[in-house]
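As structure tokens, the structure follows; a few thoughts come after it.
The values are calculated or read from the model by the stated rules, or taken from the named source; none is laboratory data. No experiment lies behind these values; they were computed from the predicted model shown. Every residue, glycine as well, gets a Cβ built from its backbone with ideal geometry; the counts of neighbours run over all protein chains shown.
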Amino acid sequence: MRGVRQSIAQKIGLPPGTPIYTGERPDGPARVRMFQYGVDHFEEWQDVPVEEIALAAKNRSYKWVDVDGIHDVALVQRLCECFHVHPLTIEDVVHVGMRPKAEEYDDYFFVVIEMLNLSEDGQGEVIPKFKAEQISVIFGDRFVLTFQERPGDVWDPVRKRLRGDSVTQRLRRLGPDYLAYALLDAIVDHYFVVLDTIGEEVEAIEEIALDDLGEDTVTRIHDLKRQLLMMRKTVWPLREVSGVLQRTECTVVAPSTGPYLRDLHDHVVQAIETTELYRESAVALLELYLAGTSNRLNQVMKVLTVLTAVFIPITFVAGVYGMNFEYMPELRWKYGYFFTLGLMGTMSIGMLSYFRRQGWI
């Protein structure tokens with residue numbers, strides 16, 4: 001995080017539109033993949049030079065250029081210039097940590113969204129924790145540009161559909177606006193995979209919350225609340241993003257794509273509602289844990305109170321006969337010791353019987 005803060009500090013005082021990468025620098029180089037497609041053709045290239053992309057930008061085919069690694073600011077800048085992307089947009093692309101948003105320009109649309117990926121433990125099992133990655137999507141009349149921080153995404157099903165038959169696949173027949181919708185929809189749909197995993201964790205904690213009141217349980221609850229807070233921060237701004245997309249009158253969004261964008265908005269609202277439901281469940285689990293802890297403490301205090309109440313009269317009798325007066329009638333009595341023990345026992349049994357009749361024990 002120290003490196004991120006230093007990069008952000010470097011932006012202070014610079015002219016607007018100055019691109020500076022503000023994320024963690026990965027080990028490998030940036031990679032560029034390009035798909036060029038239409039109703040009757042499809043081509044795919046790996047590690048495409050910017051010069052070839054600049055030439056492809058001039059033809060009439062639909063293009064999807066996917067960049068893995070926005071730390072190469074010069075590459076991102078040259079690539080965006082091939083499609084006449086505004087400098088402010090380029091600055092936002094390499095500025096990691098942006099709030100999800102949608103902006104409409106004269107000849108393209110710019111969307112920032114966060115993609116969630118579940119973490120795995122050493123044995124390859126999925127655990128209820130996830131990492132967020134900023135994704136930038138720019139789509140215009142004949143192109144879609146996507147920028148990722150690092151390799152790995154949830155778009156393999158979209159790529160598979162794009163490689164399929166153009167007759168049966170809308171991606172090959174419709175424009176880049178529909179492809180942009182498909183990419184955003186894949187990200188939003190993956191939110192539900194994360195939410196399902198979180199829901200399983202909620203159910204698992206509910207089953208042990210009353211029986212296991214150890215530190216591990218409260219730690220799991222706090223981890224769950226932290227994950228849901230991050231999830232809420234991710235999905236809540238998307239209501240505004242999807243709303244802007246479905247209400248736009250920009251020419252790069254065809255009227256035929258409108259129903260799909262409304263469906264995307266419905267998915268976003270559903271993800272928000274599910275997140276809020278699980279957040280309320282996490283709060284209820286914490287309250288349940290605190291109530292169980294308080295109840296256990298009350299049980300301990302009740303036992304201690306009963307013992308204290310039983311021993312108070314015994315202590316009083318022992319204190320009376322422990323006084324060093326010379327003239328006490330029972331001190332020289334033959335049965336004084338047994339009488340005193342019997343009195344103490346009778347008082348204790350009487351106190352316990354009274355507490356039981358009152359329902360206190």
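Yes/no matrix, rows are residues, columns are (1) acidic (Asp, Glu); (2) more than 24 Å from residue 305 (Cβ to Cβ); (3) outside any helix (DSSP H, G or I):
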| position | (1), (2), (3) |
| --- | --- |
| 318 | no, no, no |
| 339 | no, yes, no |
| 342 | no, yes, no |
| 345 | no, no, no |
| 348 | no, no, no |
| 354 | no, no, no |
| 361 | no, no, yes |
When the range 33-83 is checked residue by residue, the ones that are out of contact with any Phe, Trp or Tyr (no Cβ under 6 Å at 6 or more places or on another chain), basic (Lys, Arg) and under 12 Å from residue 145 (Cα atoms) are 33
Report yes if residue 94 is hydrophobic (A, V, I, L, M, F, W, C), touching a Pro at 6+ places or on another chain (Cβ under 6 Å) and closer than 30 Å to residue 243 by Cα, otherwise no. yes
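Hey, any hits in the range 197-217 for a residue that's assigned by TED's automatic domain parsing to the domain that holds residue 83, polar (S, T, N, Q), free of Cβ contacts under 8 Å to residues at least 12 places away in the same chain and over 24 Å from residue 100 (Cβ atoms)?
Within the range 197-217, none of the residues are assigned by TED's automatic domain parsing to the domain that holds residue 83, polar (S, T, N, Q), free of Cβ contacts under 8 Å to residues at least 12 places away in the same chain and over 24 Å from residue 100 (Cβ atoms).
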Identify the residue in the range 143-182 that is of a type in the set (Lys, Arg) and without any contact (Cβ under 8 Å) to a residue 12 or more places away in the chain and, among all such residues, is farthest from residue 115 (Cα to Cα). 170
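Residue 249 - would you say it is among the charged types (D, E, K, R), in the same structural domain as residue 136 (by TED's automatic domain parsing), at pLDDT below 90 and assigned to a helix (DSSP H, G or I)? Spell out how you get there, then give the answer.
Working: among the charged types (D, E, K, R): yes; in the same structural domain as residue 136 (by TED's automatic domain parsing): yes; at pLDDT below 90: yes; assigned to a helix (DSSP H, G or I): no.
So residue 249 does not fit the description; no.
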For the range 26-83, name all the residues that are of a type in the set (Val, Ile, Thr) and over 25 Å from residue 170 (Cα atoms). 48, 50, 70, 73, 76
Which of the following residues is out of contact with any Lys or Arg (no Cβ under 8 Å at 6 or more places or on another chain) and either assigned to a strand (DSSP E or B) or at pLDDT 80 or above (or both): 90, 8, 12, 20? 90
Select from the range 116-168 the residues that are among the polar types (S, T, N, Q) and modelled with pLDDT under 85 and write down the one among them that is surrounded by the fewest Cβ atoms within 10 Å (Cβ to Cβ). 123
Filter the range 220-244 for residues that are surrounded by 20 or more Cβ atoms within 10 Å (Cβ to Cβ) and either free of Cβ contacts under 8 Å to residues at least 12 places away in the same chain or hydroxyl-bearing (Ser, Thr, Tyr) (or both) and give the result. 234, 242
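A quick yes/no check of all residues on (1) among the basic types (Lys, Arg); (2) in contact (Cβ under 8 Å) with a residue 12 or more places away in the chain; (3) under 30 Å from residue 217 (Cβ atoms):
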residue	(1), (2), (3)
286	no, yes, yes
289	no, yes, yes
310	no, yes, no
313	no, yes, no
317	no, yes, no
327	no, no, no
337	no, no, no
348	no, yes, no
Among the residues listed as 67, 39, 96, 85, the single one being assigned to a strand (DSSP E or B) and either surrounded by 15 or more Cβ atoms within 10 Å (Cβ to Cβ) or in contact (Cβ under 8 Å) with a residue 40 or more places away in the chain (or both): 67
Against the condition assigned to a loop (DSSP other than H, G, I, E, B), without any contact (Cβ under 8 Å) to a residue 24 or more places away in the chain and over 15 Å from residue 22 (Cα atoms), how does residue 58 come out, does it pass? yes
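From the list 274, 305, 293, which one is at pLDDT 85 or above and either assigned to a helix (DSSP H, G or I) or surrounded by 10 or more Cβ atoms within 10 Å (Cβ to Cβ) (or both)?
Values: 305 fails: at pLDDT 85 or above; 293 fails: at pLDDT 85 or above.
Exactly one of 274, 305, 293 is at pLDDT 85 or above and either assigned to a helix (DSSP H, G or I) or surrounded by 10 or more Cβ atoms within 10 Å (Cβ to Cβ) (or both), namely 274.
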Which residues, taken from the range 23-36, are charged (D, E, K, R) and part of a loop (DSSP other than H, G, I, E, B)? 24, 25, 27
